[in-house]
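The values are calculated or read from the model by the stated rules, or taken from the named source; none is laboratory data. The shown structure was predicted, so the numbers you read here are calculated from the model rather than taken from an experiment. Cβ placement follows ideal geometry from the backbone for every residue including glycine, while neighbour counts extend to all protein chains displayed.
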Amino acid sequence: MKKSTQYANPGEVERKWVLIDAEGATLGRLATRAAMILRGKDKPQYTPHTDTGDFVVVINASKVQLTGNKAAQKFYWRHSGYLGGLKTESFAEAMEKHPERVVEHAVKGMLPKTSLGRKQATKLKVYAGPEHPHTAQNPVKIDLEA
């Protein structure tokens, strides 16, 4: 008898809540770990075409760091669509105004650019400080170094 591959169905996926403390963490390493968990690649029942990932809560986003001189050299760009509508802000300015968006931008850049990737990105919750409203879900704190 030939064994077939077991694929996860969207209804039978069991989702957990994961808490990541970004204090002192490197932005890229934090983002890759969060993206892996959001996609479900850390689970044995990972299926590429199904959302098998968990919810991720990132706290202390305002304390995330970059290595080297990137804090002075990194810029975020957006365009309004009009002539001369290019807006830029440095990493330092972005962290001052909205540190949550910096972490969200890094994680979303590591997710697929498809409807599934957009669905997985909605499971990411980022907060600038140590408080978050998801204590009722009992998120499991993970260590980034592990």
- Just checking, which of 107, 64 is under 12 Å from the mean Cα position of the chain (by Cα), at pLDDT 95 or above and under 28 Å from residue 131 (Cβ atoms)? 107
- Item | Qualifying residues in the range 2-40 (those that are of a type in the set (Gly, Ala, Ser) and touching a strand residue (DSSP E or B) at 6+ places or on another chain (Cβ under 8 Å)) - the one nearest to residue 51 (Cα to Cα) | 34
- Scan of the range 1-25 for residues that are surrounded by 15 or more Cβ atoms within 10 Å (Cβ to Cβ), under 15 Å from residue 142 (Cα atoms) and not charged (D, E, K, R), ordered by number: 17, 18, 19, 20, 22, 25
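Name the residues in the range 75-117 that are of a type in the set (Ser, Thr, Tyr) and touching a residue at least 24 places away in the same chain (Cβ under 8 Å), would you? Show your work before the answer.
Within the range 75-117, the first condition is being of a type in the set (Ser, Thr, Tyr), and the residues that meet it are 76, 80, 82, 88, 90, 114-115.
Passing the criteria: only 76.
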- Task: State which residue pairs qualify: first residue closer than 12 Å to residue 26 by Cβ and inside the range 52-74, second residue among the acidic types (Asp, Glu) in any location, beta carbons under 9 Å apart, and separation of 6 or more residues or different chains.
- Result: 63/21; 63/23; 64/23
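Are there any strands (runs of 3 or more DSSP E) wholly within the range 36-142 with 1 or more residues that are surrounded by fewer than 14 Cβ atoms within 10 Å (Cβ to Cβ) and out of contact with any helix residue (DSSP H, G or I) (no Cβ under 8 Å at 6 or more places or on another chain), and if so which?
Once the strands (runs of 3 or more DSSP E) in the range 36-142 are filtered for at least 1 residues that are surrounded by fewer than 14 Cβ atoms within 10 Å (Cβ to Cβ) and out of contact with any helix residue (DSSP H, G or I) (no Cβ under 8 Å at 6 or more places or on another chain), what remains is 75-79, 86-90.
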